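Beneath this line is the structure, given in structure tokens, with notes to follow.
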Amino acid sequence: MQQTNNRTVLISGASIAGPALAFWLRRYGFTPTIVEKSSTLRAGGQAIDVLGTATEVVRRMGLLERVHELSTGKRGTSYVDAAGKVRASISSEVFNGVGANGDTEIQRGDLARVLYEATRDDVEYLFGDTIAEMTQDADGVRVCFEHGAPRTFDLVIGADGVHSHTRALAFGPESDFARHMGYYIAIYTIPNFLGLDHWELDYNTPGTIAGAYSARENTEAKAIFAWASEPIEHDYRDVAQRQRILADVYTGQGWEVPRLLSHLEAAPDFYFDAMTQIRMDGWHAGRVALVGDAGYCASPLSGQGADLSLVGAYFLAGELAAAAGDHTIAFPAYERRMRPMVDACQKFAESTGGWYAPGSKAMIRFRDLNVRLLPYLPWRGVIGGAPQKVARTVPMVDYAA
Ligand SMILES: Cc1cc2nc3c(=O)[nH]c(=O)nc-3n(C[C@H](O)[C@H](O)[C@H](O)COP(=O)(O)OP(=O)(O)OC[C@H]3O[C@@H](n4cnc5c(N)ncnc54)[C@H](O)[C@@H]3O)c2cc1C
């Protein structure tokens, strides 16, 4: 490949999109640097599916075997009532078909670690820092860090998630692009006191779901909560306040909810956020572009956040390589490639909330009935395969290394 310009790329964010982008940029001869606000790689989060085109991206990275080794191996989910009686069960194969076509489910933190380990030897990581200011001109982007000395990069890419600071600096405030999806989510690690064996238990009241599933070969579990709510005014840096908000919603509920909540304060990796989509007309402004949740978060309701990040990173790096580093060609080409998948994932997310957290007792009973019937429906493959279909919206593209 003939490299003409734009060799140095600063990437903000070391979760899924950032390291995946750095991996491909290195492959094509660029020099990426990743700045991550957290002092270490962040653990925690939900189990996520790697599906469709993203599976092919991971295979081409040579990481699919490792991802399969770390797969959760979850076999299914049961919906229980307040007394813990199972009302409906579904095996993972029917529910979302994970396992077919090399698709897999992996803990978010494990995937982030796999990507980090695949890049740390030849990518510069700056942990515990963040971009404070940046100014761009025809020659590059001058970046002032909160802690480190100022530096100039040819390009800057925001891979810093749904609340992207890079996006705020280059495109404007979050409120211009964020769309509240009507739900909140919280998740944290707990002891596997329910004795779950590669299984998830979920309990619904109208508009809420509380559940637990086993992780790391049943040696621990994740408590997971999602509930319908208007946006809640609070300080997002105040973990204790967020934990109180969660406890207030769930206090008084049945099943094992009190025991799940009893582990809340000790949780090592408490994650809490509004389910939000980021909707933007374009993902570049001069020498700055966005990848992953920063540009097109589809919300946890889509189940496709990691897939969008992996595929977006692959296309962004590939288009930069194909354009010999010319961002004026590469950024619009990347946007054209990604747009159909982003639109499909964001649309898909609009239809799933009622399944997770039905709004009334009648709807919960109706959902349970559907779950019980699903294995017997001839069109179960169509329903269960919907996430894979969305994840295959954009075909794989070959870029010369
Ligand atoms: C700890 C954690 C837990 C999560 N849990 C869930 C979950 O349970 N369910 C779910 O659907 N999604 C969860 N997500 C989001 C999920 O990872 C993304 O939807 C998806 O994988 C896309 O990844 P991303 O790399 O684009 O963004 P993210 O995974 O959100 O990563 C963004 C990264 O940027 C870093 N960052 C943020 N601001 C700055 C800054 N100013 N400067 C430098 N770095 C910055 C963050 O620390 C993070 O490492 C979680 C994310 C994190 C970081």
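The values are calculated or read from the model by the stated rules, or taken from the named source; none is laboratory data. Just so we're clear, the structure is a prediction, and the values are computed from it rather than from any experiment. Don't worry about glycine lacking a Cβ; one is built from the backbone with ideal geometry, like all the others, and counts go over all protein chains shown.
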Sole residue being touching a residue at least 60 places away in the same chain (Cβ under 8 Å) and surrounded by fewer than 21 Cβ atoms within 10 Å (Cβ to Cβ), chosen from D273, D307, D248, D293: D273
I'm trying to understand the selection: among the residues of the range 169-191, which are closer than 22 Å to R42 by Cα and either at pLDDT below 95 or over 15 Å from the mean Cα position of the chain (by Cα) (or both)? Y188, T189, I190, P191
Kindly check whether there is at least one residue in the range 300-321 that is farther than 22 Å from G52 by Cα and assigned by TED's automatic domain parsing to the domain that holds T152. yes
Of all helices (runs of 4 or more DSSP H) completely enclosed by the range 253-346, which ones contain at least 1 residues that are under 15 Å from the mean Cα position of the chain (by Cα) and at pLDDT 95 or above? 293-296, 305-322
Taking the criterion of being of a type outside the set (F, W, Y), closer than 19 Å to G44 by Cβ, out of contact with any Lys or Arg (no Cβ under 7 Å at 6 or more places or on another chain) and assigned to a loop (DSSP other than H, G, I, E, B), would at least one residue in the range 235-248 satisfy it? yes
Where residues in the range 185-210 are within 23 Å of A240 (Cβ to Cβ) and touching a strand residue (DSSP E or B) at 6+ places or on another chain (Cβ under 6 Å), which of them is surrounded by the most Cβ atoms within 10 Å (Cβ to Cβ)? A210
The range 218-244, subset among the β-branched types (V, I, T) and surrounded by fewer than 18 Cβ atoms within 10 Å (Cβ to Cβ), residue nearest to the ligand (Cβ to nearest atom): V239
Tabulated pairs, the range 16-33, first within 19 Å of S164 (Cα to Cα), second assigned to a helix (DSSP H, G or I) and more than 16 Å from the ligand (Cβ to nearest atom), C-beta under 8 angstrom, 6+ apart or interchain: P32/R26
When you go through A14, A43, A20 one by one, which is the residue that is near the ligand (Cβ under 9 Å from one of its atoms), out of contact with any Ser or Thr (no Cβ under 7 Å at 6 or more places or on another chain), aliphatic (A, V, I, L, M) and at pLDDT 95 or above? A14
Matching residues in the range 264-287 - criterion: being closer than 30 Å to N6 by Cα and either of a type in the set (K, R) or in contact with a His (Cβ under 9 Å, 6 or more places away or on another chain) (or both): R279, H284, G286, R287
Tell me whether the range 96-113 contains one or more residues that are crowded, with 18+ Cβ neighbours inside 10 Å, more than 30 Å from N204 (Cα to Cα), at pLDDT 95 or above and of a type outside the set (D, E, K, R). yes
Pairs please, first residue from the range 112-131 and within 21 Å of L310 (Cα to Cα), second anywhere and hydroxyl-bearing (S, T, Y) and within 9 Å of the ligand (Cβ to nearest atom), Cβ atoms under 8 Å, 6+ apart in sequence or on different chains. A112/S15
